[in-house]
Amino acid sequence: FNGPLVGLIQLGDDPCSATRDANNNIVPATASLADCLHSVPASERAQFTQQYGNGGTTNHIPPAILGQLSQKTGGNAGLKPERATTYSYGLTFKPRALPNFTGSIDYFHIRIEDEINVIPANVILSTCLNNNDPTYCSQIVRQHNTGSLTGATIDGGGYIVQTNLNIGAAETSGVDVQSSYKVDLAQRWGSLAFTLNGAALLTQKTQPLPGAHVYDCAGLYGSTCQTINPKWHHILRTTWLTPWKVTPSLTWRYIGSVKFDGNDSDPSLHFAEFGAYKQWGAVFPAFNYFDLAATWKVGKTLEMRGGINNFLDKDPPLGTVEIVSGGAANTYSTYDMLGRQLFIAFTAKF
């Protein structure tokens, strides 16, 4: 097949390419020539050595395009079905001391063997360059003439293989928490109802290939972990059950902090994307969103609804770029990307 490559993937820079900083100064390649040669076939190593030069002023390997390298995506007719082992334990309680309170705690554990996915491109690059592992190095196809990973066709090379395959395994475990409580106010004021739905992520493990090192993305985000994985997030809603026909509510959406996966000490993640510690975006702090809403029963046949989501107009963290196969740039669904939103609706019965 000599067709065009499908898609670009956000990876920072090719560790074998020299780049330039904001002042147009040369920044040497972060990987040595010896390590970079692991990703090059023996027949092309002499030419690649000339392209690499001294890794800095004489390095002519084309760098990434705006931090993006080419990838080859697609299906795989040899895929096997996934196999999952799951179990969960739950506890529901309603204490006598709090007659208006109910709650539940559920632990879940999911392990998938032969998961259908792709080996994260950063794992491919870092493992090949650092360990000279032929399984990972075979997934790197450099351009034959330039040694770059910014190719435009399959035949010409210059890409990282990101086709679906049965990777080693994936494992997720955590705790779900749900509770509700109602407080009666003075008779003329009705009552307050509180509902909490929260989740604690304990592990988010991936094994790229059978027998390979297992890394854990709980509390991390980035192009290797591919999604944002806060260790805790919840939604707490307070509703005023008035004796009138209006029911207002306040919702608190909480998203725990996450760290950039490339700064983690795990050998599969450490400096995988930029080849060095990333200062900007090293941590996304905890985020709090607040929403206001109300319903109004105008009569027997009409109900009005309205509200303001994210009424404090909190912006998402900078750098939230979706790094998943098929994802669109700047569309992380974890955070509120649209700012303050007003809505109004009604339901009428005839």
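The values are calculated or read from the model by the stated rules, or taken from the named source; none is laboratory data. As the structure is a prediction and not an experimental result, all values here were calculated from the model. Cβ atoms come from the backbone with ideal geometry, glycine included; neighbour counts cover every protein chain shown. Ligands, DNA and RNA are excluded from the accessible area calculation, which covers all protein heavy atoms including side chains. Shrake-Rupley method; radii C 1.70, N 1.55, O 1.52, S 1.80 Å.
Quick notes
- Summing Cβ point charges (Lys, Arg +1; Asp, Glu -1) relative to the Cα centre of the chain gives a dipole of roughly 1720 debye.
- Per residue Cα convex hull volume in Å³ - calculated over the stretch 69-148: 203
- Separation of the Asn197 and Asn76 label points, Cα + 7 Å toward Cβ, nm: 3.5
- Spacing of the two label points (7 Å from each Cα toward its C-beta) at Ile65 and Arg340, in nm: 4.0
- Candidates Thr224, Met304, Thr153 compared by Cα position along the dipole of the chain: farthest toward the positive end lies Met304, with charges placed on Cβ.
- Lysine-lysine proximity count for the chain, Cα under 24 Å, sequence distance 8 or more or distinct chains: 18
- Temperature 20 °C, viscosity 1.002 mPa s: under these conditions the Stokes-Einstein estimate for the stretch 9-104, based on its Kirkwood radius over C-alpha pairs, is 117 µm² per second.
- Sequence-distant contacts, meaning Cα pairs under 8 Å at least 6 residues apart, place the relative contact order of the stretch 198-350 at 18 percent.
- Label point distance in nm, Thr347-Lys205, each placed 7 Å from Cα along Cα→Cβ: 4.5
- Helix axis angle, 121-131 relative to the chain longest principal axis, alpha carbon, degrees: 40
- A Förster distance of 51 Å, applied to the separation of the beta-carbon atoms of Trp189 and Tyr87, puts the FRET efficiency at 0.65.
- Model label zone, Leu236; criterion: amide N under 18 Å from point 7 Å along Cα-to-beta-carbon; scope the stretch 273-295: 286-293
- Translational diffusion of the stretch 92-227, µm² s⁻¹ [Kirkwood Rh, Cα pairs; Stokes-Einstein; 4 °C; 1.567 mPa s]: 68
- For the chain, relative contact order (Cα pairs under 8 Å, six or more residues apart, normalised by length) works out to 13 percent.
- Alpha carbon convex hull of the stretch 48-90, volume per residue in cubic angstrom: 257
- Accessible surface area normalised per residue over the chain is 54 Å², counting heavy atoms of protein chains with a 1.4 Å rolling probe.
- Counting 0.36 nm for each residue step from Asp21 to His213 and taking away their Cα separation leaves a gain of 65.8 nm.
- Diffusion coefficient of the chain by Stokes-Einstein, Kirkwood radius over Cα pairs, 10 °C, 1.306 mPa s: 67 µm²/s.
- With the convex hull of its Cα atoms as the shape, the stretch 208-255 has an orientation-averaged projected area of 5.3 nm².
- Unit Cα scatterers, Debye sum, the stretch 220-320: log10 I(q)/I(0) for q = 0.16, 0.18, 0.21 Å⁻¹: -0.76, -0.86, -1.03
- Contour minus Cα-Cα distance for Met304 and Ile105 (0.36 nm per residue): 68.1 nm
- Rounded percent of accessible protein surface that carbon and sulfur make up, the stretch 172-312, 1.4 Å probe: 61
- FRET efficiency, 1/(1 + (r/R0)^6) with R0 45 Å, evaluated for His270 and Ala97 via beta carbons: 0.35
- Of Gln178, Gln162, Gln143, the one that fluctuates the most in a GNM where the chain has Cα springs shorter than 10 Å: Gln178
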